[in-house]
Amino acid sequence: MTAGGERVIATYRFAGGSPDEVRAAAAAFAVGQTVGTWVPLPGLTADLLERHGARVEDVTPREGGPYDVRIAFPVVNFADGGLPMLLTTLVGNDPSTGIAATLVELDLPPGYAARFPGPRVGIKGWRERLGVHGRPLLLNPMKPCTGLSPEATARIAADAARGGVDLVKDDEVLGDATFSRIAERCRAVRRALDAVADETGHRARYVVSITDRAKRVREHVHAAVENGADGVLVAALATGLDTLQEVAEMLDGRLPVMAHNAGLDLFGGPAGWEGLAVAPEVLVGRLARLAGADSVHVTTPWAHRATPEPLFRRMIERLRDGWSGLAPSFPVVGGGMVAAQLRDVIRLVGPDCILSVGGAINGHPAGAEAGAREMMASLRDAVANAVTS
């Protein structure tokens, strides 16, 4: 249970303004997002304002930018509303009290954080299930991304598994398609991976994409469990974080939950944006993790449309730190990854990551098995060099 006086502290980075202007804007926003008025009204007592009104805690100047402002929001206002009400409170933007700022950090009281699942499997659980320690995991997001039958998908999975990858998964653009239903795909891939395990002794694991409408996602969770999937993938920003939380709570650690970052740019605001935005590291490393993601996709600084290295580092840090007593989530690092990048990625991220390599494996001239073997060899070399350098 949450105590009546508990507050979530949200830090907003303002784009500009004088100290007085920033404090006034933050104070108006705090009122507008809680008790919702700046004029005297019947019923707005001092006691109600104290219990339900947000307040500005501090305004701190930043090097290279104007100010960070911490605002304390009473948990009692949204305690039973989950992530939808938390987000509506923190980043709702009433035109009359809106701010030009970015939400850059959250501090949650322990009792409130405990209302959310957080990672039930996390890095430790992923590693225990695969029996892989001391190096990054290698994941093949199978290509072509969509259009294949379950049997064709299973053949690709088998080839990648023979080459030694730890994980295969669907691309985020594949869900419960008419040409490849989730239950049929799970059964086909499970049989293929079991056959490779009988042949080689190595059993790769399969993560099935279940992104869909909220009511159908529940059906897909059951299908994944009943038909032999080893994990599920949810495009969490497209379905909504509450759907991600629903999946995590339904599974309760039976299967790991992987969150894809599709749609991440929609929350940051375009260049010149003068409204309220959410920093990518908060979406990835705080909110998706709070909702129960055991791993979350993060695009590398070497992708075609690169993530700036400072932001990349912040997302990785926020996935794996000790925030709110939650278990750390595995960063799933990808974006056109090739063998030559592995050493640099491991230098930045360390061993606790999942490396997502698609085209370099599936597009290998000698086939996916050869591509996977070469990538595994490159991974072992990169890890060895990271240890000795």
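Of everything listed in (1) farther than 26 Å from G122 by Cα; (2) surrounded by fewer than 19 Cβ atoms within 10 Å (Cβ to Cβ); (3) at pLDDT 95 or above, the single unmet condition for R313 is (1).
Quick check: is even one residue across the stretch 88-106 free of Cβ contacts under 8 Å to residues at least 24 places away in the same chain and more than 21 Å from E281 (Cβ to Cβ)? Step through it out loud before you land on a result.
Our first condition is that a residue be free of Cβ contacts under 8 Å to residues at least 24 places away in the same chain; within the stretch 88-106, this holds for 88, 95.
Filter once more, keeping what is more than 21 Å from E281 (Cβ to Cβ): 95.
Checked against the condition, which is being free of Cβ contacts under 8 Å to residues at least 24 places away in the same chain and more than 21 Å from E281 (Cβ to Cβ), the stretch 88-106 yields at least one hit.
When the residues of the stretch 290-305 are filtered to those that are under 17 Å from A262 (Cβ atoms) and modelled with pLDDT under 95, the one that is nearest to the chain's Cα centre (by Cα) is T299. Within the option set E374, E317, being in the same structural domain as A158 (by TED's automatic domain parsing), under 30 Å from P117 (Cα atoms) and assigned to a helix (DSSP H, G or I) holds for one residue only, E317.
Evaluation of A100 against the conditions (1) touching a Lys or Arg at 6+ places or on another chain (Cβ under 7 Å); (2) over 26 Å from M250 (Cα atoms) shows that the sole unmet condition is (1). Selection of the stretch 227-250 for residues being under 17 Å from the mean Cα position of the chain (by Cα) and of a type in the set (A, V, I, L, M) yields V232, L233, V234, A235, A236, L237, A238, L241, L244, V247, A248.
Residues are listed down the side, and each one gets a yes or a no for (1) more than 24 Å from the chain's Cα centre (by Cα); (2) at pLDDT below 95; (3) more than 23 Å from G81 (Cβ to Cβ):
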position: D198; (1), (2), (3): yes, no, yes
position: R203; (1), (2), (3): yes, no, yes
position: R218; (1), (2), (3): no, no, no
position: V225; (1), (2), (3): no, no, yes
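Please go through the stretch 319-338 and give me each residue that is surrounded by fewer than 18 Cβ atoms within 10 Å (Cβ to Cβ), free of Cβ contacts under 8 Å to residues at least 40 places away in the same chain and at negative phi, ordered by number.
Initial filter on the stretch 319-338 (surrounded by fewer than 18 Cβ atoms within 10 Å (Cβ to Cβ)): 321-322, 325, 327, 336, 338.
Still in the running and free of Cβ contacts under 8 Å to residues at least 40 places away in the same chain: 321-322, 336, 338.
D321, G322, V338, listed by residue number.
The values are calculated or read from the model by the stated rules, or taken from the named source; none is laboratory data. These figures come from a predicted structure and were not determined experimentally. When we count neighbours, we look across all protein chains shown, and the Cβ atoms used for this are built from the backbone with ideal geometry, even at glycine.
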